[in-house]
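Note sheet for the following structure.
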Amino acid sequence: MLDPSESSWLDAPLPHPWPAGYVFYSPGGLFRYEVLGACCRLFDREQLPWPCCRLAWRSKEPSWRRVGRRFIGDLAASGHPCYWVKNLDVGAVGVMTLYTVKLSRDERLWWSGKR
């Protein structure tokens, strides 16, 4: 496991995407997280309020008549790295988007580009 207490971590953090097992602190330094893997944050179209179910909000269709994919890439998180992380202090797992980090164009294409 890569430990942030090592001096090399303090000098220059690893470039994104971080490898599995990488440990980092929250911006305030209160929590420690271990990276389980890089991921892409998805937006669930089922969460849109009924009856406005289209992303374009042009027509009112019930969810059972929706056209298109249910899960799509979240545009708000597309310019920032997302990781599946484990909180080492609490033991909880979840998806974390690092909004304080801006991805370069090449990194953005790798992260949320169509493959």
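The values are calculated or read from the model by the stated rules, or taken from the named source; none is laboratory data. Worth saying up front: this structure is predicted, and the values here are computed from it rather than measured. When we count neighbours, we look across all protein chains shown, and the Cβ atoms used for this are built from the backbone with ideal geometry, even at glycine.
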Picked from the stretch 60-115 (must be modelled with pLDDT under 90 and assigned to a strand (DSSP E or B)), the residue surrounded by the most Cβ atoms within 10 Å (Cβ to Cβ) is G73
Residue pairs qualifying under the 9 Å Cβ cut-off, at least six apart or on distinct chains, with the first in the stretch 31-48 being within 17 Å of Y99 (Cβ to Cβ) and the second being hydroxyl-bearing (S, T, Y) and at pLDDT below 80, are C40/S112; R41/S112
For the stretch 22-59, the count of residues that are at pLDDT 80 or above and not polar (S, T, N, Q) equals 22
